[in-house]
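J.: Let me give you the structure first, and then I'll get to my questions.
The values are calculated or read from the model by the stated rules, or taken from the named source; none is laboratory data. Bear in mind that the values here come from a model prediction, so they are computed numbers and not experimental data. Neighbour counts are summed over all protein chains in view; Cβ atoms, including those assigned to glycine, are modelled from backbone coordinates with ideal geometry.
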Amino acid sequence: MTEAWLTRTTDHFWERVGGQLSYPRDLSVVIVRSFPIAVIELSSLGTQSIEKWLHRCNVSYRFLCQSRSLRGCIVAVRGQGLLFLDLNDHPNERRFTVAHEISHFILDYLVLQREVRSRRSEP
């Protein structure tokens, strides 16, 4: 990833959410309006609590790791994202977690999807 590429991606993010926010930045409000993401807050967040939440929603999902606690997690499938946060975390920690997880959604999911689509359309 080059610095210019990252700058373009960041600029595109701020355009998409309607401009930069003042500090402290709570991105959870703007991302649900600007991206196909829902924010879910669970007490004592961990792999098991996320699997249980998904199971209650009739979604079969298993993490490929041992059960452990988490500060946040993004699950993305078919263009949709679920951003899980620990309800017990301090607001500063949650703001950081939202920024961290949305960056995973953009860089590891949306950008990757775009690259795959462009490669498929190449002759």
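J.: Give R56, R25, R8 a once-over and let me know the one that is of a type outside the set (S, T, Y) and farther than 22 Å from V111 by Cβ.
T.: R56
J.: Just one of S28, S22 is within 27 Å of W53 (Cβ to Cβ), polar (S, T, N, Q) and not in a strand (DSSP E or B); which is it?
T.: Working: S22 fails: within 27 Å of W53 (Cβ to Cβ).
Only one candidate passes the filter, namely S28.
J.: Another one. I'd like the residue in the range 34-86 that is more than 30 Å from G18 (Cα to Cα) and in a strand (DSSP E or B) and, out of all such residues, is modelled with the highest pLDDT.
T.: Per the criteria, the residue is G46.
J.: Output the residue which, of all residues in the range 1-32 that are charged (D, E, K, R) and touching a helix residue (DSSP H, G or I) at 6+ places or on another chain (Cβ under 6 Å), is modelled with the lowest pLDDT.
T.: R16
J.: Cβ contacts < 9 Å: first residue farther than 21 Å from R95 by Cβ, restricted to the range 1-27; second residue surrounded by 13 or more Cβ atoms within 10 Å (Cβ to Cβ) and not hydrophobic (A, V, I, L, M, F, W, C), any location; separation 6+ or different chain. Result?
T.: Matching pairs, first to second residue: M1/T9.
J.: Can you name the condition, by its number, that L107 falls short on among (1) closer than 30 Å to T7 by Cβ; (2) without any contact (Cβ under 8 Å) to a residue 60 or more places away in the chain?
T.: Here L107 clears every test but (2).
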